[in-house]
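**Student:** First, the structure itself, so that you have it in front of you.
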Amino acid sequence: MFNSREIATAIWLAPLVVVILWSSTGRGAVKSIVLIFFHARFLVTLALMLGYVVAEVVLLISIDAWHVGLLKDTTLWFCLTGFALLLNTITSTQNENVFAAVLRDNVKVILFVTFLINTYTLPLFCELILVPSLMLLKALAAYAYGKEEYGHVGLIVDGVLAAVGIALLVWSAWVAISDWHNLAQVETLRKFVLPILLTILFTPYLYAAVLVSAYQTAFVRLRIGPEKDSKVVRYAKRRILRVFAFKLAKLQTFNMQSAWGLTRVETLEDVDKLLTQSE
């Protein structure tokens, strides 16, 4: 079942989608997104991610941590949290341990706070007012921070959002305490632990995805610059794979420091010289 906040969000999103599709500019943007979605590489990435999450679910079923009643929560995690994690890690320019980053950013007290706020929601009428109000405030804050002269407005809006968040947390905590017997049930515990388990189990896939992306970056740079003999390109790819293997941080550092060098290699000796510096 969907809670009142999810229903309110759907009610407000429906007319927004209609307005977007009614506008020629909006239809163009949607068309671009659809074209990206149906790009072969994107579909492969999405299919692999789906297969991996299904494997996660199978593992959780084997330890009695998942059942069909958690399908909605799992789907929301896949579409929102999981996909966002994948995009953020692949596009990140920081050389840091993927596992540490995921654990630091996702397995925090904020998970409990989010669980409380999303589990104990307000009546539908209140949510119909709250959801668009928060969306407008967030949009206003983003606009204000984009304009230097309105920076102080952004701070004020952030303060209002923080106050609303604290109020919602207090309300949720009060209702949770009043409903302590339900909160302590096994089913409620499953719903709380599910996103944490899915996120932790997802880290190997994230690591593999970022590693593949880093290798693709290096291999694309080999094709840039002066025309290279296919023998040199194949040799360079083999040497890069042997040197870095699963060492993501070293490969990312190499990509940043040797971006120009990769485009200029022309002989086997050039490849050896470039990679010797990274061994």
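**Student:** Evaluate the following for Leu169: is it part of a helix (DSSP H, G or I), modelled with pLDDT of 75 or more and under 25 Å from the mean Cα position of the chain (by Cα)? Please lay out each step first, then the result.
**Tutor:** Numbers: part of a helix (DSSP H, G or I): yes; modelled with pLDDT of 75 or more: no; under 25 Å from the mean Cα position of the chain (by Cα): yes.
No; evaluated as a whole, the condition is false for this residue.
**Student:** Follow-up question, since we're still on this one. Take the residues of the range 62-76 that are aliphatic (A, V, I, L, M) and assigned to a helix (DSSP H, G or I): which is farthest from the chain's Cα centre (by Cα)?
**Tutor:** Quick first cut of the range 62-76, residues aliphatic (A, V, I, L, M) only: 63, 65, 68, 70-71, 76.
Still in the running and assigned to a helix (DSSP H, G or I): 68, 70-71, 76.
On the way: Val68: 24, Leu70: 20, Leu71: 19, Leu76: 12 Å.
The selected residue is Val68.
**Student:** Okay, moving on. Considering each of Val164, Val212 in turn, give the residue that is at pLDDT 85 or above and of a type outside the set (Asp, Glu). It would help to see each step written out before you state the result.
**Tutor:** On the way: Val164 fails: at pLDDT 85 or above.
Within the list Val164, Val212, the selection yields Val212.
**Student:** Of (1) among the aromatic types (Phe, Trp, Tyr); (2) modelled with pLDDT under 70; (3) surrounded by 14 or more Cβ atoms within 10 Å (Cβ to Cβ), Tyr52 satisfies all except one. Which?
**Tutor:** Unmet condition: (2).
**Student:** Here are the criteria: (1) within 32 Å of the chain's Cα centre (by Cα); (2) in a loop (DSSP other than H, G, I, E, B); (3) surrounded by 14 or more Cβ atoms within 10 Å (Cβ to Cβ). Tell me which single one Val243 does not satisfy.
**Tutor:** So the condition that Val243 fails would be (2).
The values are calculated or read from the model by the stated rules, or taken from the named source; none is laboratory data. As the structure is a prediction and not an experimental result, all values here were calculated from the model. Reconstructed Cβ throughout: ideal geometry from the backbone, glycine too, with neighbour counts over all protein chains shown.
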